[in-house]
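A quick write-up on the structure given underneath.
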Amino acid sequence: MHLAKSAFIGLIALSLFSCRKDEAEIVAYDPTPYTLQYVNNTLPIPDLPTDNPLTVAKVELGRMLFYETQLSLDNSISCASCHVQEDGFSDKHTLSFGVDQTLGKRQAMPVFNLAWHSNGFFWDGRAELLRHQSLLPIQDAFEMKETLANVIAKLKSSGDYRNQFIRAFGSGEITALKISLALENFMMSIVSDDSKYDRYLKGLVTLTESEERGRQLFFAEYNPSFPSETGADCAHCHAGNNFENDLYMNNGLDTEAEIADNGRQNATGDLADKGKFKVPSLRNIEVTGPYMHDGRFTTLEEVVDHYNGGIQNSNSVDPAILFTSSTGLMLDAQEKADLVNFLKTLTDYTYLTNPAYQSPF
Ligand code: HEC
Ligand code: HEC
């Protein structure tokens, strides 16, 4: 009896103490800078936005929002429903399903190393900055189908969000601009630089003979006069250590009459841009299929076959691609396999499983 009584008093004392502790917890603006997590330092220094510097608190808030289903009309999907970490933050579906299982129009793009993209977002580049991009899926009728006013109202009812907005921005007021800046911060924090290829660049591992032959084909220029030495010239467009060139190009998927999605023309209004799409990074390409803006190819072998002999002519097709179309790239079965084996050295398992990018909930 006596024991039970003192235990009871102890419990009250404990709960009083923890109660006081809660009240005493000061939620304050926290400008601690966020440092990008590199493993191999094989990427150049990115141009980060000076008007939205990366902070730990903003990255954390952006991560909450990226995994938040309340961003969608019926609270059923989050950004991560179509951008799945183990699939390179892309979608295994050929076209993504939005709210009500509405089928989208394009293949989801992977989210990594976006801090190195300086010329717009989406396949057609219609969003200039990541902060502009990040509010569009919320309102897209084929995606989350929600209004920004509703999202703000929903988030307002959560104390966790109020506190995190204070830490990130110094005030608990929730606005669309702050949501967009936090999402920009989180997406820019996602870095992939720990593939076998990165370790090869650092001299930590060697490539197999097949991967090495594939590497040489990838980087060597196409030269039909010397069939035995000619390369596949992939690096012409998938260039540098992020394997992209920040440009919109036409890689010969369709004839002029077959072009079903005008691509870059939608964003610029320029007929010369019809059929051009963002040159995607080839990092993690092994896990981000299906491939191309409409997900028409399921395997990397099909992609290589396209470049090897399937180029279609149209008005905006890139001259470097057109140049190969009369002979094809002249790759035999072994060379095609070598090229695919090289592409698979670009898979980064550290990024695919990094806890820093997982759901905080
Ligand atoms: C229903 C599936 C779906 C949802 C939900 C979704 N996305 Fe996407 N995402 C896509 C598709 C499809 C594309 C390509 C769209 C296009 O080009 O028109 C894309 C493209 C992107 C890109 C462009 C990447 C680049 O390299 O240009 C980013 C960034 C992105 N999404 C972030 C987000 C964020 C942030 C959210 C949540 C607010 C989100 N997505 C929600 C399917 C989705
Ligand atoms: C003239 C520029 C150019 C060249 C050269 C080029 N590509 Fe591409 N590549 C593109 C563009 C543009 C796209 C996106 C096209 C689309 O979706 O409409 C693309 C898409 C891809 C994709 C699909 C990416 C994804 O996320 O869906 C792969 C894989 C690929 N290319 C591999 C290669 C390989 C391998 C080579 C060399 C044999 C090569 N590319 C040569 C411009 C180029």
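Derivation of every value follows stated rules applied to the coordinates shown; laboratory data play no part. Note that the structure is a prediction, hence the values are computed from the model and not measured. Glycine gets a Cβ as well: all are built from the backbone with ideal geometry, and neighbour counts include every protein chain shown.
Specify which residue in the list 195, 271, 330 is farthest towards the positive end of the charge dipole of the chain, using unit charges on the beta carbon of Lys, Arg (+1) and Asp, Glu (-1), about the Cα centre.
195
As a test of the formula, what do you get for the chain when each DSSP H run with n ≥ 4 contributes -39,500 (n - 2.57) and the sum is divided by the residue count, at 222 nm and rounded to the nearest 500 deg cm²/dmol?
Values: 14 runs with 134 residues, N = 361.
The helix-only estimate for the chain comes to -10500 deg cm²/dmol at 222 nm.
Whole-Hz Karplus ³J(HN,Hα) for the stretch 96-111, in order, using 6.51 cos²θ - 1.76 cosθ + 1.60 and θ = phi - 60°, x for Gly and Pro?
For the stretch 96-111, the Karplus curve yields 7, 8, x, 4, 6, 6, 5, 8, x, 10, 9, 7, 5, 9, x, 10 Hz.
On alpha carbon coordinates alone, what is the Rg over Rh value for the stretch 196-350, Rh being the Kirkwood radius?
Numbers: Rg = 15.7 Å, Rh = 16.2 Å.
Here the Rg-to-Rh quotient is 0.97.
Through the Karplus equation 6.51 cos²θ - 1.76 cosθ + 1.60, θ set to phi - 60°, convert the phi angles of the stretch 278-291 into ³J(HN,Hα) values in whole Hz; use x for Gly and Pro.
For the stretch 278-291, the Karplus-derived couplings read 4, 6, x, 5, 9, 4, 6, 4, 4, 10, 9, x, x, 10 Hz, x marking Gly and Pro.
Per residue, what volume in Å³ does the Cα convex hull of the chain take up?
Here the figure is 179 Å³ per residue.
For residue 263, which sequence-distant residues (separation of 5 or more, or a different chain) have an amide H within less than 5 Å of its own amide H, given hydrogens modelled in the peptide plane?
Amide H neighbours of residue 263, under 5 Å, 5+ apart: 275.
Scan the chain and hand back the longest stretch that contains none of the GluC sites (Glu not before Pro) lying in DSSP loops with at most 11 other Cβ atoms within 10 Å. Walk me through the intermediate numbers first.
Working: sites that count: 25, 229.
With a cap of 11 other Cβ atoms within 10 Å, the longest stretch comes to 26-228.
I'd like the Kirkwood hydrodynamic radius of the stretch 24-192, using the inverse of the mean 1/r over distinct C-alpha pairs, in Å. Write out the running numbers ahead of the final one.
On the way: mean 1/r = 0.0606 Å⁻¹.
The Cα-based Kirkwood calculation yields 16.5 Å.
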